[in-house]
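Just below is one structure, and these are the notes that go with it.
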Amino acid sequence: MISTTMEEKPKEAKTPMTGFASINDDLFQNILKRIPALSFASAACVSKSWNRNCNQILYKPKLASAFSLNPVQKVALEEVVNKVFSEPIRPQFAIANVIGSGVHLSGILDFLGAKLGSKTPIIVSCAGGIMGRDAVTDEYKEVMIEDFWVDGASNSSFGIMLSVGFLPGLKVDAIPLLRPRKARGVAMVDKFVMDIRNYAALVSDSTSPSLIIMFGSEKTDQKPVMEKLDHAMSRETIVVGDERAQFLYRSGIESRNVYYGSVDQYFSDAVALVFARDQNRPSGTGEIHFHSALSSGVSAIGPRFKAVSANEMESETGLSTWLTVRREGGQEILGGQRIIDDVNNELGNQTKLFIGVSEQRKCFAGPEKPRQMRSLAFHEVMGGDEEHLFVDGVGIKTGDYFHLYHSDPSAALSSCSNISKNFRNLKLDWSFRSCQLHAARGVGEKEVIGGFVFACWGRGESFFGHSNVDSSPFLANFPGVPMAGIFTYGEIGRGFSILNTDESGQEDKTLCFCAHVYSTVYLLVSYTPAPIEH
């Protein structure tokens with residue numbers, strides 16, 4: 001019998017791991033996420049393990065923002081793009097807000113489109129001011145467009161704020177409000193609302209998205225649009241934005257795009273950046289949530305009035321309404337100038353005046369049945385004579401009741417302070433709940449990853465007497481967290497989840513209203529990691 005035995009080969013000594021191979025994944029990812037985007041893309045090609053680590057970084061939520069005041073537009077664009085891509089990010093959407101004279105929005109949109117890719121929805125708008133961190137110095141500033149004017153002449157300055165984000169578990173796209181180019185074409189508001197609902201239903205399990213960031217045309221009255229949105233969306237849908245702006249956009253879906261200067265048969269009267277839950281999101285994806293608050297900057301003054309007549313007027317400066325009014329319960333018709341004089345005498349100074357009209361209207365969107373909605377609509381007081389009170393905008397009806405409101409720095413400052421306290425309480429509540437959930441289910445701590453601020457252009461340093469008041473609630477509670485803000489010509493806010501907010505009278509709290517005056521709207525974006533799998 002012949003037996004054979006195999007000789008055992010001596011075991012080779014393991015080569016000790018050196019360099020990156022000896023670093024655990026957490027530390028390795030901490031290094032990778034600090035390198036610029038282009039270098040990061042190269043790192044992802046080194047090996048399978050490097051690629052895996054890079055993908056894990058890219059799938060974490062991130063908001064990045066920066067502004068530049070470089071007077072050379074091309075240089076300013078390069079500065080903000082380089083800053084937001086100084087760390088890895090997967091661009092899911094972008095918003096660029098510009099200030100200055102001679103701004104070419106189409107050139108900015110083309111530049112960003114080339115940098116971010118054809119599928120990334122982008123909105124570019126003109127603003128009354130910007131707030132955030134400088135791309136070069138990292139210094140925080142609030143900059144108003146008035147800062148660019150000296151002795152009534154522009155010094156050809158330029159400023160741009162760029163915000164880029166990636167929010168896993170959400171789908172994002174830009175949806176326009178279209179208006180036919182034909183003579184006196186009417187904006188297709190019902191289609192706009194239904195397009196938003198249909199998009200949300202397609203990607204999620206709801207017809208209401210989580211968030212809408214909206215920019216409206218300066219030439220279009222957005223109040224009817226906001227009323228329809230308010231009617232059609234669930235109470236949980238947050239809507240923020242700028243009611244009156246110049247803007248251009250690009251959707252990730254080519255058929256939605258309307259090109260400036262083209263022979264396209266439509267104009268765009270507004271655009272909505274829509275954020276909807278992704279029903280097909282991968283397992284292990286954390287939760288993104290949005291939280292909003294409002295700092296009111298107006299106070300009610302005087303008695304309640306009733307519109308005896310309302311005549312709509314159209315001129316080169318836009319639409320207005322001439323009102324004849326009387327006090328509630330009274331019979332005497334009051335002259336508009338008399339009402340204005342009474343308010344100025346009571347306040348002792350000249351101030352911006354508005355009327356807040358309590359409206360009760362039937363509203364519907366698409367094929368739905370109409371229902372009654374009670375809302376509050378603000379109109380700026382333009383002047384008056386012995387018979388009429390002149391106000392901006394239309395939509396007021398005979399029989400509507402209204403209060404007068406005036407811009408009030410003290411009320412605004414108090415409101416900002418209250419919001420800062422509520423932000424602080426929110427952080428404490430999250431910390432407490434996170435400790436409980438981590439102990440029970442291994443859920444990580446909830447954190448704010450970024451935010452947006454939309455403030456009235458009439459606020460800022462000239463309103464408060466010192467700078468950075470509007471951004472102070474965010475800066476005080478979330479230092480180091482990316483935040484982008486603009487001064488708008490009509491702040492939009494709806495779905496406030498952090499209550500403080502409306503201190504302008506009990507009547508307001510029973511009414512829906514989305515278009516505000518002399519206010520600041522805050523939007524926080526938070527992230528809760530998925531539970532740890534055991």
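The values are calculated or read from the model by the stated rules, or taken from the named source; none is laboratory data. All values derive from a computational prediction rather than experimental measurement. A quick note on method: Cβ atoms are made from the backbone with ideal geometry, for glycine too, and the neighbour counts reach across all protein chains shown. These area figures cover heavy atoms from the full protein model, side chains too; ligands, DNA and RNA do not enter into them. Shrake-Rupley method; radii C 1.70, N 1.55, O 1.52, S 1.80 Å.
In this structure, does SER255 turn out to be surrounded by fewer than 18 Cβ atoms within 10 Å (Cβ to Cβ), under 25 Å from HIS516 (Cβ atoms) and free of Cβ contacts under 8 Å to residues at least 60 places away in the same chain? No, not satisfied. How many residues does the range 461-489 contain that are at positive phi and surrounded by 23 or more Cβ atoms within 10 Å (Cβ to Cβ)? Final tally of qualifying residues: 0.
Within the range 103-114, identify whether any single residue is over 18 Å from the mean Cα position of the chain (by Cα), within 29 Å of ASN280 (Cα to Cα) and small (Gly, Ala, Ser), and answer yes or no. The answer is yes, given that some residue of the range 103-114 is over 18 Å from the mean Cα position of the chain (by Cα), within 29 Å of ASN280 (Cα to Cα) and small (Gly, Ala, Ser). When the residues of the range 159-176 are filtered to those that are at pLDDT below 95 and in contact with a helix residue (DSSP H, G or I) (Cβ under 8 Å, 6 or more places away or on another chain), the one that is most open to solvent (accessible area, probe 1.4 Å) is PHE166.
Would you confirm whether or not the range 223-235 contains a residue that is assigned to a strand (DSSP E or B) and either open to solvent by 20 Å² or more (accessible area, probe 1.4 Å) or among the aliphatic types (A, V, I, L, M) (or both)? Looking through the range 223-235, none of the residues is assigned to a strand (DSSP E or B) and either open to solvent by 20 Å² or more (accessible area, probe 1.4 Å) or among the aliphatic types (A, V, I, L, M) (or both). The condition (being of a type in the set (A, V, I, L, M), assigned to a strand (DSSP E or B) and open to solvent by 20 Å² or more (accessible area, probe 1.4 Å)) is satisfied by just one residue among LEU294, LEU273, LEU248, LEU202: LEU248. Taking the criterion of being assigned to a loop (DSSP other than H, G, I, E, B) and either in contact (Cβ under 8 Å) with a residue 24 or more places away in the chain or in contact with a strand residue (DSSP E or B) (Cβ under 9 Å, 6 or more places away or on another chain) (or both), the residues of the range 347-382 that qualify are THR351, LYS352, PHE364, ALA365, GLY366, GLU368, PRO370.
Within the range 331-375, track down each residue that is under 24 Å from ARG197 (Cα atoms) and aliphatic (A, V, I, L, M). Correct list: ALA365, MET373. Just to check your reading of the model, which residue among ALA310, ALA365 is at pLDDT 95 or above and buried (at least 19 other Cβ atoms within 10 Å of the Cβ)? Step by step, each of ALA310, ALA365 is checked, and only ALA310 is at pLDDT 95 or above and buried (at least 19 other Cβ atoms within 10 Å of the Cβ). Figure legend. Inter-residue proximity from the range 117-146: first residues more than 17 Å from ALA76 (Cα to Cα), second residues open to solvent by 30 Å² or more (accessible area, probe 1.4 Å) and among the basic types (Lys, Arg), beta-carbon distance below 6 Å, spacing 6+ or different chains. Indicated pairs: ILE122/ARG250.
Scanning the range 385-429 for residues that are under 19 Å from SER299 (Cβ atoms), open to solvent by less than 30 Å² (accessible area, probe 1.4 Å), in contact with a helix residue (DSSP H, G or I) (Cβ under 9 Å, 6 or more places away or on another chain) and assigned to a helix (DSSP H, G or I) turns up ALA412, CYS416, ILE419. I need the full set of residues from the range 52-103 which are part of a helix (DSSP H, G or I) and modelled with pLDDT of 90 or more, in order please. Within the range 52-103, GLN73, LYS74, VAL75, ALA76, LEU77, GLU78, GLU79, VAL80, VAL81, ASN82, LYS83, VAL84 qualify.
If I ask for residues that are assigned to a helix (DSSP H, G or I) and closer than 24 Å to GLU243 by Cα, which ones from the range 111-127 would you list? If the condition is that a residue be assigned to a helix (DSSP H, G or I) and closer than 24 Å to GLU243 by Cα, then LEU112 is the only one that fits.
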